[in-house]
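The structure appears below as structure tokens.
Here, each number is a calculation from the coordinates, and none is a lab measurement. Predicted, not measured: the structure shown is a model, and the values here were computed from it. Don't worry about glycine lacking a Cβ; one is built from the backbone with ideal geometry, like all the others, and counts go over all protein chains shown.
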Amino acid sequence: LQLPITASEAGSGLVPPAVATELLGQAGSIMILIMLFMAIVSTGSAESIAVSSLVAYDIYREYINPEATGAQILFVSRVVVCAFGLIMGALSILLFEIGLNLGWVYLFMGVVIGSAVAPLWNMMTWKKASGTGAVIAAWSGFFLAISGWLVAAKIQSDEISIATLGTNEVMLSGNLIAIFSSALIH
């Protein structure tokens with residue numbers, strides 16, 4: 001069975017709706033739409049609450065106003081939810097305009113945050129793990145991953161562009177450098 005979508009559409013995350021529509025027709029499309037709506041609303045809500053709680057309690061009450069009342073914390077939380085929503089909306093528009101699809105962003109996440117995996121694992125499972133070492137390993141792994149990712153694109157395609165940075169081999173090299181370099185450093 002060949003799905004009626006292009007590689008670009010697949011990279012934009014359209015495989016599940018295409019499969020549902022192909023197998024179940026319009027009912028499949030409606031089910032995917034409902035599921036996607038619920039997942040996005042749930043995730044957005046959780047992220048908004050997490051960010052607003054961190055800012056309100058860990059920054060505002062801790063450093064800015066230690067005597068904050070419940071009403072003041074609630075106000076700060078609401079402002080942060082609105083600001084966070086606007087910033088994330090602007091970021092999504094920016095990423096779309098730049099031409100980055102979901103596949104690109106998902107793979108890039110490994111390059112950016114992969115270097116924290118081994119140090120965090122070590123901190124949770126190894127008694128002698130150093131917090132300072134974990135921070136140094138995570139940041140060093142991050143910079144090595146970004147460097148390796150850029151170098152891999154240059155070596156593979158002789159240029160650095162969104163397209164060359166998004167190839168599977170280049171993304172894989174950045175992800176592996178992030179994970180293994182930070183593990184080795186820590």
Expected max-MSF residue from I64, I160, I30 in the GNM of the chain (alpha carbon, under 10 Å) is I64
In the stretch 34-79, the GluC sites (Glu not before Pro) that sit in a DSSP loop and have at most 11 other Cβ atoms within 10 Å of their own Cβ are E67
Computed about the Cα centre, the charge dipole of the chain from +1 Lys/Arg and -1 Asp/Glu charges at the Cβ has a magnitude in debye, to the nearest 20, of 500
Hits for the chain under the membrane-span-like helix rule (DSSP H, Cα axial span at least 20 Å, Kyte-Doolittle mean at least -0.5) are 26-53, 70-98, 131-157, 168-185
Treating only Lys and Arg (+1) and Asp and Glu (-1) as charged, each at its beta carbon, one finds that the stretch 22-104 has a dipole about its Cα centre, in Debye to the nearest 20, of 140
Normalised Cα Rg of the stretch 46-186, dividing by 2.2 N^0.38 Å with N its residue count, works out at 1.32
Among S8, S140, Q26, the residue whose Cα sits farthest towards the positive end of the charge dipole of the chain (+1 at Cβ of Lys and Arg, -1 at Cβ of Asp and Glu, taken about the Cα centre) is S140
Here the convex hull volume per residue of the stretch 4-126, taken over Cα atoms and given in Å³, is 178
The longest stretch of the chain containing none of the trypsin sites (Lys or Arg not before Pro) that sit in a DSSP loop with at most 11 other Cβ atoms within 10 Å is 1-126
Rounded to the nearest 500, the 222 nm mean residue ellipticity computed for the chain from DSSP H runs (n ≥ 4, each -39500 (n - 2.57)) alone is -25000 deg cm²/dmol
Among GluC sites (Glu not before Pro) in the stretch 72-179, those in a DSSP loop whose Cβ has at most 11 other Cβ atoms within 10 Å are E159
